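**Student:** Quick one: this structure, given as structure tokens, is what I'll be asking you about.
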Amino acid sequence: MSKFAQGAIALLLLLVIALFATQTNAQNVRPPGDAVNLESTGQPGPSNALGDRSDSEIWDAFRGGDPNDLLAPRPDGVVLSTTGQHWREFRENYINKYALWLPAGVIVILTLFHLISGKMKISAGRSGNMIPRFTLNARVSHWFMASIFILLGLSGITIMIARPILVPLLGSKVTSVLTSAALQGHNLFGPLFVVALLWMFIKFVRGNFFQIVDFKWIFKLGGFFGGHVSSRQFNFGEKSWFWMVILVGIVMSATGLALEFPWIMEDIRLLQLSTILHGIGAIALISVAIGHIYIGTIGMEGSIDSMLKGEVDENWAKEHHDLWYEEVTGKSAKD
Amino acid sequence: MGFLDFVEGPLFVIAAITFVLGALWRVIGIIRIGRKKDISPPKGSAAAGFIKGNLRHFFPRGIFARRTWLHIIGGYGFHIGLFVLVFFAAPHIAFLDDRILGFGWQGMPRWAFVLVADVAFAGLIVLWVRRISDPVMRLISDWEDHFGSWLTFLVMLTGCLAMQQSHDVLRAVHMLVIDVWLIYFPFSRLMHAFTFVLSRGNTGATYGRKGMNL
Amino acid sequence: MSDQSKAEIAVAKFLEHTDAEAASFFEACVHCGECAQACHFFLNTGDPKYTPTYKLRPMERAYKRDKAPFASLKKNLGLAPSKVTEEELLEWEPLVYDACNMCGRCTLVCPMGIDIAGTIRKMREGYSAAGMVPEGLKSAAEYVKKTTSPMGVTIKALKAQIARQEKITGIPIEVDKKGADYMAIFSSMEIMGYPEVLGAYAKLFKKAGLSWTISSTAYEATNVGVQIGSGALAKEILERVVNAAEALEVKHVISPECGHAYGAIRWAGPNMMGRQFKFEVVHIIEVLDRLRREGRIPAGTKDDRRMTLHDPCQIIRRGGLLKEPRSLMDDACSDFVEMKGAGVTNFCCGGGGGVSANPRAEDLKLAAFNSKAEQLRGIDGLQAVVVPCGNCRAVFEDGLDDQELELEVLGLSELVADTLENS
């Protein structure tokens, strides 16, 4: 691997860790177990392995490496590398522990939103005239992605929350079974995500490039708080979601493949980075996907038609995609 | 007797017997309805037509394939994938060797298993999502179509989840779903796996008698 | 019988006609929807209800409820499909009569090879027994009973057409000639709309030195009974022809350029009568092909217009005469171009299976013709289309008019007669 790439990866890893884990620097790394408070436990295991001579000297000899030089290899004779320790702590203390708060928050907000403002109705009511929106192949590619996404999401979350949440909840035996299953499933469906992503890109990239009209959409906050917003086949929200899926999806694919086939990359730090990016990307995608699912189903009248039947009600099109409606039908959306 | 022993032992035997006898009963039941003998002077052989009809319908015609390629790829991907998984996954061969046949053969390497399983899953998912997103499919599908798809999906899924082979529970769950699938099979549309021979053959025989070369 | 509801009558007939073949079709269908992609009614309307397998639903339900293996087990468990109701049958009636030409194109795309067309034919038996038949077909049946022809063509009218053709060609046509080798039958559409076919036969058979005749009691080939789905009526119509042919002691009966007529007499005929005939049924295309190969009707100057050939479903796809019309075409015209999808996968004209006799289905028929029009438009500089089926020909004329396409429509026999050596 080139020096440049190594440097870039190191920088990225450093940034990520520095951003979230400033306090887990080398100074307050704790050895595993309860090595510091020996007297209070007295249990066998690594904590007692040091005998009575638990002190910082031994621990310093145990681990090693310059915490500020991520590219430096682990010094000889050292058991634990500092960067590895950082990675582990960051992953366990931040990602795995708090990962679910974001999607959970999205669900709470959407529930409140739904309770307060209710389903977004087609204000003119349904016209009964349907106009084609997505071809069958586009729909199948969407649902193919959706299926793979759900399978990967469920298995991925299981792996992610196994230690901090499932073990205390279900015990380590059950968790072991679940994670074994989830890991196999996740590894199996992972490669299909790459296929789904590619298919999705090909089928939906047309119409998803940002345009001037999107700025107006942003200024009006998508019309969620009133006011009419114009948009073509896809509005700014949909376009952003599309590009987020594609771009984050590429990161998820790359990091996922690296983790599934670890022999592709020799450097363990790349794998460490991959787990972190993969986790963050997953949480981001899942959280926004919840919003996407909400608007596509119970949030907005008439939306689901486009993906189930391939056609939408004329009035729905006039309301939500007026410019597209005019393009497709050649009629004015204001009539 | 443990749960695994139960689903691999007595329950499996019951399921397998139900599968074999049920499927036989159904196929024989269809044939036994009988049909009037055709006395119009034939131009060709009905028997040859029966075989030809069966073979001919494996190959889609170009003029239709342009409209139905997704379904063809999905269908073949799923069915071929499933057959390969059933007969060439190493644990399956070991199971057949142990319990039924008394001999085994070479299984697939792990990478091949993953590849084939991915193809099979992709195919099944495409077939099912097409069922829910095409107005034609939504109109003609009934609960049996969905139930059969999902049950088969679960059989495949539980099998893959047990791939690490480190937990008996996962193996037992897979076996349990297989047992349910085997028992459900002869009473359901999954029977198309056998009845297609009859329907293709009957049409082929009619065409054969008429001396048609399709 | 009288206390039975219409639905019960229909269902009883459905069950009676569900033989092992139909049962295997109902059992094998996996609801994959491919058939929709082959059906010109679906393709031109986009309406899912025109999916071929969906048209069979009531009969399939009746079978699964009362006749299929495990039916009683499922009934006891409450898992059997519900009873077929009269409302449902009425809802399906236009699907069964207006939106199916029994063209059999769907069978070709079906991964299970299901013969939906043949099963629709059986299903119509139930509908016709319950009296649920479109008015247009009912009145055609009335005409048949009175005059033997669904269009009400009387023997007087036929004789007038014969006399005119004798005058034009200068060749006598003998009616009721006992001991002739061949007896020709025609569709009413040909007799009234395209009488030149009589002259063409006269010319061709004279050239070939073949003895033939027309019966004054059985000249009608169209079998409305088959289209309506009434086995009794179909047999009655057929009987006239069989009796006349056997009385005249002919060796062959020539089935005309008409789709259903051929299948009705050639393949279904002996089964309906319950016996083999004392004569052989041959299609006019077969006769001409045979005579051509024997050198009895040598080809002369070719027609140099750009022409294409329509494949009437019951003659080509379901009748097996694929190559014969093509070799006749090659001999008869110098610029023969096949349309896209020609041969066994060709589109139906949209009027077969009784649809063209059913005024209620007029719009649907014209919509379905759109597929044919697209095929025709796909050939640059096309001047004429050869349509070897009287019914298709009439549908073509309507359809071309509707689509504002200028094309000459010809019968194959006429084309062969016109391009005969020294003619």
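The values are calculated or read from the model by the stated rules, or taken from the named source; none is laboratory data. Just so it is clear, the model here is predicted, and its values are computed rather than measured. Glycine also receives a Cβ, built like all others from the backbone with ideal geometry; neighbour counts cover every protein chain displayed. Accessible surface areas use protein heavy atoms only, side chains included; no ligands, DNA or RNA. Shrake-Rupley method; radii C 1.70, N 1.55, O 1.52, S 1.80 Å.
**Student:** Hey, what's chain C come to in accessible area per residue, 1.4 Å probe, Å²?
**Tutor:** 35
**Student:** What lysines sit close enough to A:Lys203 to cross-link, taking a C-alpha to C-alpha distance under 22 Å and skipping anything fewer than 8 places away on the same chain?
**Tutor:** A:Lys239, A:Lys309
**Student:** What percentage of the solvent-accessible surface of the protein assembly as shown, computed with a 1.4 Å probe over protein heavy atoms, is contributed by carbon and sulfur atoms?
**Tutor:** In the protein assembly as shown, the share of accessible area belonging to carbon and sulfur is 62 percent.
**Student:** Write down the radius of gyration of segment C:1-93 and its Dmax, each obtained from C-alpha positions, in Å.
**Tutor:** Cα only, segment C:1-93: 14.5, 43 Å (Rg, Dmax).
**Student:** Here's another thing I want to ask about it. Tell me, how many Å apart are the Cα centres for segment C:286-306 and for segment A:142-218?
**Tutor:** Cα centroid to Cα centroid, the span is 68 Å.
**Student:** Setting aside same-chain residues fewer than 8 positions from C:Lys207, which lysines have a Cα under 18 Å from its Cα?
**Tutor:** Correct list for C:Lys207: C:Lys167, C:Lys302.
**Student:** Here is a further query. Among the lysines, which fall within straight-line cross-link reach of C:Lys235, defined as a Cα-Cα distance under 20 Å, with same-chain neighbours fewer than 8 residues apart omitted?
**Tutor:** Cross-link targets: B:Lys36, B:Lys37, C:Lys13, C:Lys122, C:Lys138, C:Lys145, C:Lys146, C:Lys278.
**Student:** Under the classification rounded if a/c is under 1.5, otherwise prolate if a/b is larger than b/c and oblate if not, where does segment C:291-343 fall, given a ≥ b ≥ c as square roots of the Cα gyration tensor eigenvalues?
**Tutor:** Judged from the Cα gyration tensor, segment C:291-343 comes out oblate (a/c at least 1.5, b/c at or above a/b).
**Student:** Calculate the mean, over all residues of peptide C:13-24, of how many other protein chain Cβ atoms lie within 10 angstrom of the residue's Cβ.
**Tutor:** 5
**Student:** Here is a follow-up. Any idea what Rg and Dmax come out to for chain C if you just take the C-alpha atoms, in Å?
**Tutor:** In order Rg, Dmax, the Cα atoms of chain C give 21.9, 76 Å.
**Student:** Okay, next question. Can you work out the base-10 log of I(q)/I(0) for segment B:118-205 at q = 0.14, 0.15, 0.19, 0.21 1/Å, using the Debye formula on its C-alpha atoms alone?
**Tutor:** Cα-only, vacuum Debye calculation for segment B:118-205: -0.63, -0.71, -0.99, -1.09.
**Student:** Any chance you could tell me what percent of the C-alpha pair distances in the protein assembly as shown go past 36 Å?
**Tutor:** Result for the distance tail: 62 percent.
**Student:** Report the antiparallel proportion of the DSSP beta bridges in the protein assembly as shown as a percent, rounded to a multiple of 5.
**Tutor:** If we restrict to bridges inside the protein assembly as shown, about 15 percent are antiparallel.
**Student:** Going by average Cβ density within 10 Å per residue, which order do the peptides C:333-339, C:173-179 take, highest to lowest?
**Tutor:** C:333-339, C:173-179
**Student:** Next question, about the same structure. Indicate the gyration tensor shape class of segment C:355-423 (rounded, prolate or oblate), computed on the Cα atoms with a ≥ b ≥ c the square roots of the eigenvalues: a/c under 1.5 is rounded; otherwise a/b larger than b/c is prolate and the rest oblate.
**Tutor:** oblate
**Student:** Here is a follow-up. With no solvent and one equal point scatterer per Cα, compute the Debye intensity ratio I(q)/I(0) for segment A:126-236 at 0.16 Å⁻¹ and report its log10, rounded to two decimals.
**Tutor:** Here the Debye-derived log intensity ratios amount to -0.88.
**Student:** Label segment C:212-281 by shape, choosing from rounded, prolate and oblate, from the square roots a ≥ b ≥ c of the eigenvalues of the Cα gyration tensor; if a/c is under 1.5 it is rounded, and otherwise prolate applies when a/b is larger than b/c, oblate when it is not.
**Tutor:** Here segment C:212-281 falls in the prolate category.
**Student:** Using the 4.7 Å Cβ rule, please list in number order the cysteines from chain C without any candidate partner.
**Tutor:** Taking the Cβ cut-off of 4.7 Å, the unpaired cysteines of chain C are C:Cys29, C:Cys32, C:Cys39, C:Cys100, C:Cys110, C:Cys258, C:Cys333.
**Student:** Counting partner chain Cβ atoms within 10 Å of every residue's Cβ in B:203-210, what's the average?
**Tutor:** The mean count of partner-chain Cβ atoms within 10 Å per residue comes to 5.
**Student:** Considering the dipole of segment C:6-132 built from charges on the beta carbon (Lys and Arg +1, Asp and Glu -1) around the Cα centre, which of C:Cys35, C:Gly104, C:Ser82 is farthest to its positive end?
**Tutor:** C:Ser82
**Student:** Another question, then. Report for chain C the percent antiparallel among DSSP-assigned beta bridges with both residues inside it, nearest 5.
**Tutor:** Here the antiparallel bridges make up roughly 5 percent for chain C.
**Student:** Output the Cα-based Rg and Dmax of segment A:99-329 in Å, rounding Rg to one decimal and Dmax to a whole number.
**Tutor:** Taking only Cα atoms of segment A:99-329, I get Rg and Dmax of 19.8, 60 Å.
**Student:** Let me ask something else. Given a 1.4 angstrom probe, what's the average accessible area per residue across chain B, in square angstrom?
**Tutor:** 49
**Student:** Still on this structure, please answer the following. What percentage of all Cα-Cα pairs in segment A:119-185 are separated by more than 18 Å?
**Tutor:** 61
**Student:** Right, here's the next one. Per residue of B:118-127, count partner chain C-beta atoms within 10 Å of its C-beta, then hand back the mean as an integer.
**Tutor:** Partner Cβ neighbours, averaged per residue: 4.
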